[in-house]
1. Find out how many positive minus negative residues lie around Ser617, taking Lys and Arg as positive, Asp and Glu as negative, among other residues whose Cβ is under 10 Å from that of Ser617.
2. Give me the net charge of Val816's neighbourhood, meaning all other residues with Cβ under 11 Å from the Cβ of Val816; Lys, Arg count +1, Asp, Glu -1.
3. For the chain, the longest stretch holding no GluC sites (Glu not before Pro) located in a DSSP loop with at most 13 other Cβ atoms within 10 Å is which?
4. Near the amide H of Phe655, under 5 Å away, which other amide H atoms are found, from residues 5 or more places off or on another chain, if H is placed in the peptide plane?
5. Using mean Cβ contacts within 10 Å as the protection proxy, how do 108-116, 827-835 order, highest first?
6. Is region 307-439 best put as rounded, prolate or oblate by its Cα gyration tensor, with a ≥ b ≥ c the root eigenvalues, rounded for a/c under 1.5, and otherwise prolate when a/b is larger than b/c, oblate when not?
7. Measure of size requested: the Rg and Dmax of region 591-634, with Cα atoms as the atom set and Å as the unit; please supply both.
8. List, in order, the whole-Hz ³J(HN,Hα) value for each residue of region 654-663 obtained from phi through the Karplus relation with A = 6.51, B = -1.76, C = 1.60 and θ = phi - 60°; use x for Gly and Pro.
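None of the figures in this text is laboratory data; all of them are computed from the coordinates on show. Predicted model, so just to flag it, every value in this text is computed and none were measured. Because the Cβ atoms are built from the backbone with ideal geometry, glycine has one as well, and the counts that use them run over all protein chains shown.
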Amino acid sequence: PQEHFLKDYQSPQYEIKSVYLTFYLSPNKTQVINHMVVEAKGGKAPLLLDGDKSLTLVSIKENNQLLLKEDYELNSESLTLFPKSNQFELEIVTEVDPESNTYLEGLYRTNGNYCTQCEAEGFRRITYYMDRPDVLSSFTTKIVADKAESKVLLSNGNLIESGDLPNNQHYAVWEDPYKKPCYLFALVAGNLEVVEDTFVTQENREVALKIYVEARNLDKCEHAMQSLKKSMQWDEERFGLAYDLDVYMIVAVDDFNMGAMENKGLNVFNSKYVLAKPESATDHDFEGIESVIGHEYFHNWTGNRITCRDWFQLTLKEGLTVFRDQEFTADMLSPDVKRIEDVKRLRNNQFPEDAGPMAHPIQPQSYIEMNNFYTMTVYEKGAEVVRLYHTLLGEKGFQQGMKRYIECFDGQAVTIQDFRQAMAEANDVNLNQMHHWYIQPGTPHLKVTKTYNPITKCLALKFSQFLNGKQVHLPLLIPVLFGFMDEEGTALPIKPSISTKNKVTQTEKGMLLKVTQLNDTFEFMGLETEPYLSLLRHFSAPVSLDYKATEEELMVLASHDSDSFVRWESIQKLAMLNLKENVIRFENSEPFLILDSYLNAFKAVLEDNEIDLALKSLAMALPDVIYFSEQYEEVNMDAILASHNFLKKAIAEFFEESLLETYQALEASEKPKYRYHKEDIANRMLKNRCLNYLLQLPKHFDIGVAQYQNHHNMTDVLAALEAMNHLARVERAQCLEDFYQRWQSDNLVIDKWFALQASAQSDQALEDVKKLTKHPDFTYHTPNRLRSLLGVFGRLNFAGFHDKTGEGYQFLAEEVLKVDKLNPQVAARLASLFSQWQRLAEPRKTLMYKAIEHIASAEDLSKDVFEIVSKTLK
Ligand code: HT7
Ligand code: ZN
């Protein structure tokens, strides 16, 4: 397959002034008439239009003249024309087969409804076109369909005409007043019902808000609608950005490759990110909906009005929009809790990616299949890099930069340099060094050495930057929010020396030092005692901090730091010390132990009555197994799991009484009626953390069963099932069966049922998961179902997937090959679950390698899976 390189970028030689699309919808043979007005930008050049092999070309007319076969060149990826004039009209007629389109890219059918997905390169599965983001055009779309089959006909922009046609057909014409790249095109048609509301913008314009769903889901749209209204309000208040069309439509579909898609005026969503009611969705689901609705809405400015010049700039819209959705959620719920959750997400998902064979800079330099680069790196690390601008410039400076970005580039397809330029110019600063964050892969390690001189009362902090064990090639600008503390936990004054003064500033988030060199030293004076260091407050940069704090230092920080992130981080570090100690003990066949430092820190948190309950719950959690294994160059899975399981159980035994008391108090205080509200969420979070520990002790199993039976909100019901999940007890099986019977008709809940079993860490896990692939409710056609069974098994079932025989790997490899035939995009995601093979200790390393080789040697591999496995094997 062909590899595409950023360095080869060339601007388009043709402009598509306007495009009028007519769709005659039919399940197996939809006709698409694509009428374009085209203009050459320079001299005469062949016009290359992208088109997928799934298209059937019917006819081409240039200025109304039918072209003959010898007038053009057609292959499986493109159509080349040789225009006779500089400005001309083209009419291309193609046929597509939505019903057989299992890739879920282009035009496809889901539960009998038509829908499209064009990002990144799906428009070429609809018609021949310049399928690249820097070709912006005015779109008009006419949809013709059977009235009974497709009551609703939707596309981007405003409805300008509709009516009946002979033979029980009808039509609608939509016009989008904003020029856009074709990846933002959307069409939806089918028998959908609508939930409606309105929003009045700051300019006093009324916008109609419409959420389209299947009739059976009408009762699950309220939260999504509220989330949309909150997003619109928030973007006006915080960013000064208002919506620009008269209607904003959201459609929920069950078969969708990702979370949602920001098509102009017509977002298409995975139903997981729209549908919720307390009985069937958890707090986590509610939060996910709020943030994804926000994310897609925020794209209207950061992505749609200003789009990307090419796909190498993807982080320009995604990093920025994730940053915006993170800030939105932080403002809606709790900023401190949100920050910790985002850091956990980054460390569990992005750090491993950055340390593995698919590592790439947030601006990748090349790709074979663009869909493979919608990654945690481009999205989440990209958002962290945008956050760096925010930390450096402050809220006001950042907003000035945003204003300038929008003023300068509205209506254009631009680059990450353009964004940086706007930020720099608006604040009159030089931000050129920020570019180094965009072009270097890997998680930077920031090593800190402290030297304190008790005579001069001076402290020197030396920061050194490393990547993959070597010095960073191009020095990064790393903002470090920090503070000093004495042994009692009292903050100490920060007095930079003269040479350090200009590198340290007081910001709205606290004291900030800017590391700009590969080795950068900072000096502070007037410190009567050697201070404890509170570093990287608020997780001010996406780095791995290499500072060897003592246990005493961590204990003081854990209970006294003014920054919630550092408090949480310090207790996590104490837990990590304990977990690692037991790995050594496992390897030396010595008994495990629980360290006093962790025990005391845990006790202090558990007994703290001042702390926010959600923060308390986060502090009480052990570091996740993925992050724990990230600490090792060679991963001994048995040792890691044994150490993790031991500590979890030891905590439960040690604090049994207190956990029980806390659980009971929270259970008693829980409001009978579910509210999606910060305090209630925190209450449930802590209660269920206690429950999870308690069920480590089999004698408390009945508390889990009781919670399952007595509660009617999904947060508590699912938490009970999760807490029971590790023990193969008959009560667990009964509850699971009851759950299935109750929710059989709700796909999103049945996804949870599959995921629960896929994540159960037992000797039976692999057999159970194999059996579940034969379950009548399992289907290879729905990405959510594949993710909940196969994805969860590969990502979270450490015992089953990493089974010592290698059978877990073989099983997943076979499944990847099956899925690849139907949906390469999802297959490639599943294939990336093998990415850590090089770090596994034998025999797993060889066994996993063999499984990847097995995939790689298959015939007719998609380019999606080919790219992942070939890079993984390198
Ligand atoms: N911009 C979208 C990215 C996307 C996508 C969405 C659905 C299906 C396939 C897709 N490929 C790429 C989603 C977002 O970031 O908002
Ligand atoms: Zn996005």
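1. On the way: positive: Lys616, Arg684, Lys687, Arg689; negative: Asp612.
Around Ser617, the surrounding residues sum to +3.
2. On the way: positive: Lys818, Lys821, Arg829; negative: Glu814, Glu815, Asp820, Asp864.
Result for the neighbourhood of Val816: -1.
3. Numbers: sites that count: Glu3, Glu77, Glu203, Glu487, Glu488, Glu508, Glu528, Glu610, Glu633, Glu634, Glu859.
Longest gap between qualifying sites, sites excluded: 204-486.
4. Placed amide hydrogens put nothing under 5 Å from Phe655.
5. On the way: 108-116: 21.6, 827-835: 24.4.
Ranking the peptides 108-116, 827-835 by packing returns 827-835, 108-116.
6. Values: a/c = 1.76, a/b = 1.12, b/c = 1.57.
Oblate.
7. Rg, Dmax (Cα atoms, Å): 13.2, 41.
8. 5, 10, 3, 5, 5, 5, 5, 4, 4, 4
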